[in-house]
Amino acid sequence: MKDSPDHWIREGNLFYQQKKFTQALVAYTRAIDQDTNNAQGWNLKGLTLWELKRYEVAIGAYSTAVKRDPDYAIAWINLGNALFFLDRYREASNAFNKALEIDPKNADGWNDRGNVLRKICRFEEALRAYDEAVRLDPDYALAWYNKGLALSQLNRFEEALRAYDEAVRLDPDYAPAWYNKGLALSQLNRFEEALHAYDAAIRLDPDYAPAWYNKGFTLRQLNRFEEALIAFDAATKPYNIHTS
């Protein structure tokens, strides 16, 4: 049926895949106008509003999705991530906890829960969440990376290094993992290896200012002062705007 909620959701999905978010929003809105209890439509509307940077309205759509279907784990995760983005950490944690009550085998939910816990400095609990994420999905590169961050914040650099190694093995094109691997190696005074890690980050992202800066610091530790000056100069160029 052409004029049905399912039809409009299919239309919205096509627009969404084409990154035509305004048209997708119109289609999803048509779907939920016809069936206000359609939790999927509300969740998809939230995703589209998020892409349009209408963050608070997106939270409202996700909230409606979980009211219509309280067991909709993906909508709880989307709600949690939206709240996390807006620094509403307690509410985000509650949303992730609800998602995991419904679907305790959801690796994304455990990773996202870890992110909230790490943000509020509950590093041991964050580590347990990341451990669960990689137990459920051993190929989850981002969860391995986040586990490395939590271990680094606990000053457990050898273990952090192993987590970063797994992250770059699974996703060798992820510059932050190479950068943070370099930081862990530097903390272990393994400066030559750290230099290689920073170089890998810079190859992937030539404008990665912290990687340039730490490359300079590492070169200075190795008494390679002229090269260090070049790296420090690259770190201060106006286009190098990374903060982490």
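When segment 97-109 is filtered for residues that are under 14 Å from the mean Cα position of the chain (by Cα) and either within 21 Å of Ile59 (Cβ to Cβ) or of a type in the set (Val, Ile, Thr) (or both), the ones remaining, listed by number, are Asp108, Gly109. Candidates in segment 189-244 are the residues that are over 21 Å from Asp173 (Cβ atoms) and acidic (Asp, Glu); of these, the one that is modelled with the highest pLDDT is Glu192.
Only one of Asn180, Asn115, Asn146 is modelled with pLDDT of 95 or more, within 30 Å of Asn78 (Cβ to Cβ), in contact with a Ser or Thr (Cβ under 8 Å, 6 or more places away or on another chain) and of a type outside the set (A, V, I, L, M). Can you tell me which? Exactly one residue qualifies, and that residue is Asn180.
Select from segment 7-30 the residues that are part of a helix (DSSP H, G or I) and among the basic types (Lys, Arg) and write down the one among them that is nearest to Tyr55 (Cα to Cα). Going through the qualifying residues, I end up with Arg30.
In segment 110-127, of all residues being surrounded by fewer than 21 Cβ atoms within 10 Å (Cβ to Cβ) and under 14 Å from the mean Cα position of the chain (by Cα), the one that is nearest to Gly148 (Cα to Cα) corresponds to Arg118.
Filter segment 203-213 down to residues that are in contact (Cβ under 8 Å) with a residue 24 or more places away in the chain and not aromatic (Phe, Trp, Tyr) and give me whichever is surrounded by the most Cβ atoms within 10 Å (Cβ to Cβ). Residue satisfying both the conditions and the ranking: Ala211.
For (1) surrounded by fewer than 24 Cβ atoms within 10 Å (Cβ to Cβ); (2) part of a helix (DSSP H, G or I), each residue gets a yes or a no:
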| site | (1), (2) |
| --- | --- |
| Gly80 | no, yes |
| Leu83 | yes, yes |
| Pro104 | yes, no |
| Asp108 | yes, yes |
| Ala129 | no, yes |
| Ala150 | no, yes |
| Asn155 | yes, no |
| Ser186 | yes, yes |
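Of all the listed residues (Asn13, Asn37), the sole one being in contact with a helix residue (DSSP H, G or I) (Cβ under 7 Å, 6 or more places away or on another chain) and polar (S, T, N, Q) is Asn37. Residues in segment 24-33 include none that are under 19 Å from the mean Cα position of the chain (by Cα), crowded, with 23+ Cβ neighbours inside 10 Å and touching a residue at least 24 places away in the same chain (Cβ under 8 Å). Yes or no: segment 129-143 includes at least one residue that is within 23 Å of Leu219 (Cα to Cα) and modelled with pLDDT of 95 or more. The answer is no, given that none of the residues of segment 129-143 is within 23 Å of Leu219 (Cα to Cα) and modelled with pLDDT of 95 or more. Ala143 meets all of the listed conditions (1) crowded, with 22+ Cβ neighbours inside 10 Å; (2) more than 21 Å from Tyr174 (Cα to Cα) but one, namely (2).
The values are calculated or read from the model by the stated rules, or taken from the named source; none is laboratory data. From a predicted model like this one, the values you see are computed outputs, not experimental measurements. Cβ atoms come from the backbone with ideal geometry, glycine included; neighbour counts cover every protein chain shown.
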